[in-house]
1. I'd like to check something: does segment 355-368 contain any residue that is outside any helix (DSSP H, G or I), without any contact (Cβ under 8 Å) to a residue 60 or more places away in the chain and under 19 Å from LEU279 (Cβ atoms)?
2. Pick from ILE260, ILE210: which is modelled with pLDDT of 70 or more and either out of contact with any Leu (no Cβ under 7 Å at 6 or more places or on another chain) or within 30 Å of ILE365 (Cβ to Cβ) (or both)?
3. Conditions: (1) outside any loop (DSSP other than H, G, I, E, B); (2) surrounded by fewer than 18 Cβ atoms within 10 Å (Cβ to Cβ); (3) not acidic (Asp, Glu). GLN581 meets all but one. Number of the miss?
4. Please verify whether GLU137 is of a type outside the set (Gly, Ala, Ser), assigned by TED's automatic domain parsing to the domain that holds GLY51 and either in contact (Cβ under 8 Å) with a residue 40 or more places away in the chain or in contact with a strand residue (DSSP E or B) (Cβ under 7 Å, 6 or more places away or on another chain) (or both), treating the condition exactly as stated.
5. Within 25 Å of ILE299 (Cα to Cα), at pLDDT below 85 and surrounded by fewer than 17 Cβ atoms within 10 Å (Cβ to Cβ), is that true of ARG356?
6. What's the total number of residues in segment 407-430 that are over 18 Å from ILE507 (Cβ atoms) and surrounded by 17 or more Cβ atoms within 10 Å (Cβ to Cβ)?
7. Please determine whether any residue of segment 321-333 is polar (S, T, N, Q), out of contact with any Leu (no Cβ under 6 Å at 6 or more places or on another chain), in a loop (DSSP other than H, G, I, E, B) and modelled with pLDDT of 85 or more.
8. Take the conditions in contact with a Leu (Cβ under 7 Å, 6 or more places away or on another chain) and aliphatic (A, V, I, L, M) and apply them to VAL629. Does it pass?
Amino acid sequence: MVTDALEGARKPTVAAISGLALGGGLEVAMACHGRISTAGALLGLPEIPLGVIPGLGGTQRLPRLVGLSKALEMILMSKLIKSEEAHGLGLIDAIVPSNELINTACCWALDIAESRKPWIKTLDRVDKIESIEEARELLNFSRVQARKRAPNLEHPLICIDVIEEGIVFGPRAGLWKEANAFYQLIYSDTCKSLIHVFFSQRATSKVPGITDLSLMPRNITKVAIIGGGVIGSEIATTLIVRNYVVILKEANENLLRAGIDRVKGTQRLPRLVGLSKALEMILMSKLIKSEEAHGLGLIDAIVPSNELINTACCWALDIAESRKPWIKTLDRVDKIESIEEARELLNFSRVQARKRAPNLEHPLICIDVIEEGIVFGPRAGLWKEANAFYQLIYSDTCKSLIHVFFSQRATSKVPGITDLSLMPRNITKVAIIGGGVIGSEIATTLIVRNYVVILKEANENLLRAGIDRVKANLQSYNRKGKITEEKCKKAFSLITGVLDYESFKDIDMVIEAVTENMASKQQIFAELEKYCPPHCILASNTSTIYFNLIGEKTRCQDRIIGANFFSPIHFMPLLEIARTQETSPQVVVDLLDIGKKIRKKTPIVVGNCTGFTLNWMFFSWIQSALLLVDRGFDVYRIDEVCTNFSMTTGPFRLADLVGLEAAVSISMQYHKSFPERCYKSLLIGIMLYDHREGETTRKGFYGYDEKKKAWPDPELKKLIEKSRNLLGISPSPEIMKLEDKDIVEMVLFPAVNEACRILSEGVAVKASDLDISSIMGMGFPPYRGNFRNYDAYFTMAKCHEISRKSVKIEHLGQIWVHNVCTCCAGQSSGVCISPGGRFPSFSSEGKPPGKASKGPKDLTLCRVFRRSTCCDVSQTYPALLSIRRLASSGEASQECLDLWELLECSICDPRVGVLPGPPLICASLCDKVLEACGNAYFSIDAKNQVLSPCGLSDILCGRLNEWASNGTELCHLSGFSVKQDGISYKGPDEPFCYGGKESLESIADSWKNSRYGSPKAEKFNVDFQQWLRDMPITEKISWAVGGMVLTAGILFISKRKSHSRRQKQALMYRAAARRLEASVNRQSSGGRR
């Protein structure tokens, strides 16, 4: 290879670059020992658009000269850079004038030869190469992006593989792989097609009869555009960015101004309202009413709507006839501060912008643009604004924020609900049961929006306390300027306190906000059914309890719905609407309408499950943070790292804000529903015993002053030490070595994992709803895109990289391997994965499903999956032995035996064994098992703490219906995951749940095939015939000739063997004859003697 020869030459070589160094030219230059360039030269490796990769060592040398990140950008995006940037990156060594280029290059070579400059081979450099872990992370990210940009192209992925080969195994291995890949790709159809497009695109400028006349283009510098509409203004913008002088012509002044406005943008606001107010409106996206705008000078007059057009026309005539001044906004300077004052204000705005969003660039760019217009004039500002706008519009931040913008508006569009053309009913009177913190905040929110509210409590003292809380909330709103004194009085007049249900006869909606107790909620809803009118909506503010259980004692489950307001309600903009299968679509539409009417509330519709969406994710977030604290990490460091990541608050500050009692209530429900996914920390319980309930009591994880300003509480360390001592845990020295990035991942990824589960189990209607829930409920930074699709980064490889870090810390690794990495976008890896739950690890761990061991001890039904499975006899035998013993003794029915065998066989289904986590069982199968085995005896297995059939060594056994009250609880206790029977929208990504109709039909088909035929042989015959039909004629001839040669060889070998066998037989016959002859001769000679 010429580049290897250059790099390994005994004499130094220096590349002199002028104009262009693209593709092979740059690769040759990188193989030289020095590179000198003229100013303005372009360098790059643009092979990817041609369907190939760099083939002269570019994939190996460029990362060593400019770093892996920049090299990937230049190669995969075919980005060209100028010599000035290349010099800064280290790609070239010097920039000289063009007339000195050759002389400088020769002198540079002599200096290297005489050791005045270092003689360095590019392939030997490692100073800009990242560590293998960092490099692999960057390469995996590049693979994801490459698949997104061109999902059907292979050569970008091959290029990444080649680069990785050189980093991991050395440059020589990379060069070898690069050469093989290049020669493989250069003859591919993709390469031929892209090269054809490349030359075809350049051929468009060659017009027969025109370009062959040797005519030279004239110098065009000034362009006139007729029409300033959308197209015209875009053409004008394109030209002025390329330094053309543009004249825009329109039919009248109004159209002309509109066209120029499309080009110019928003340099005018500071000149109309002053710099301070303009910065507030732009950077804070603050909306102002027309009355305020009139006072600021942004608008000139306010008129009734029926006079608007006439007044505007008269105003225009007055300007035209000089009765009013004709002033251009850009010419105004009366509201612009001096440059010194403006810069001081702009610098202050920069500091505030960095505090609010330390990782965002566009607010700072906006400030720079405003400053440009103030210091250098509006025209310079307009120029910079146009360039900045086109730079930002294609950024990832812009795309993410636009996604959030439309996702927020899509929350009110619910498939199967809002498309039924239902109109929301007029809700005017609302009753609230429970005047605690949440109930009083809900009441305050509603009366401020002019709803009539009835507040019910159990006794006079509680009622008085609830009314006082509402009054205090209103006064707080008034002090902060959110409402006027008059509005405060009017709102307070809309609330009435009661102690019974007599006033509920004409209400439109009830919101229950009592403590999380199933029995009390069931009793309340049973009484509401008696007193409320038939049209009344019965809503509950529960955070965790199933609504079908709350309303099971009523006959009006179509009216029962969840209205989950999050505390503090004035701070949390999310309203979670939870429905059951029986909930009427009309009720959902009504609650969506209420959510829209309540200011700053974004409603999302979810299914019926423990914790719904936000609490489900929040619990995972807080429990992973608690796990780190128990292992030695500092509470305030975790919060600080999360806020530096741009989360609105850290997990512990948010827990204080929500209230630690609520956190404990949520955790109890989760420990009951998902014990296999929970970590039990004692810290919050100890804090509650110490009367630390969060912000409301001014003590929680933080201390709080009268204005609720948080500060680190040094007394918290004693409680943390007490929690560790009770758990028998000592701080891990390994955990203190974690970097900020690792902490964010370990705290946040469990919540991302649960978001995957929520979506896969059909709890969330749309994936975008989870994004809004995480942003508005947990404070996830919106500019980072969608929460659950942190997927360009959150991969199985990344997850297990974190697991390797975690496994050094006691218990943390187990949590990560079995609970956190179970989702990873919810995709199958195609290999056997440790199931967890009741089952031991597979003996074929990490291998594709194959044929399992067969023996008399395994389950009969498991033989259905014998040909492609992960399980073996040890997976299912212990429970099988116990259930068969119960059936033989009459303590379990035959139906129970069959269904339990079917449940145990889930681990043998090849579709289940390749999915991480315990097998996902359809809730219908769980219910059937409970119904059939309700009277059978079960116990908790001492080894893995799961429910199993009672064995001979078990002492504490009880009937199954005493252990579990429903099928879902049974499967959870038995170490399975459950797909709830709820609202589900089937799609291609819906997870497979074992035991449903589709699953049982598949089992039946497999059982039939295993008994009555050999589908594998039939499939092989079909595949072979299809392969034979598709084979080209040349290959058929080759195969035929090969077959003839093979047949002749076999015949020749068989004849040789036959000949050899005959020779051996003849030899044996001759030897026997000789022995016989010798014996006869001896006998005859003896007789003569």
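1. yes
2. ILE210
3. Every listed condition holds for GLN581 apart from (1).
4. yes
5. No: the conditions fail for ARG356.
6. 6
7. Within segment 321-333, one or more residues are polar (S, T, N, Q), out of contact with any Leu (no Cβ under 6 Å at 6 or more places or on another chain), in a loop (DSSP other than H, G, I, E, B) and modelled with pLDDT of 85 or more.
8. Against the criterion (in contact with a Leu (Cβ under 7 Å, 6 or more places away or on another chain) and aliphatic (A, V, I, L, M)), VAL629 qualifies.
The values are calculated or read from the model by the stated rules, or taken from the named source; none is laboratory data. All values reported here derive from a predicted model rather than from experimental measurement. Neighbour counts are summed over all protein chains in view; Cβ atoms, including those assigned to glycine, are modelled from backbone coordinates with ideal geometry.
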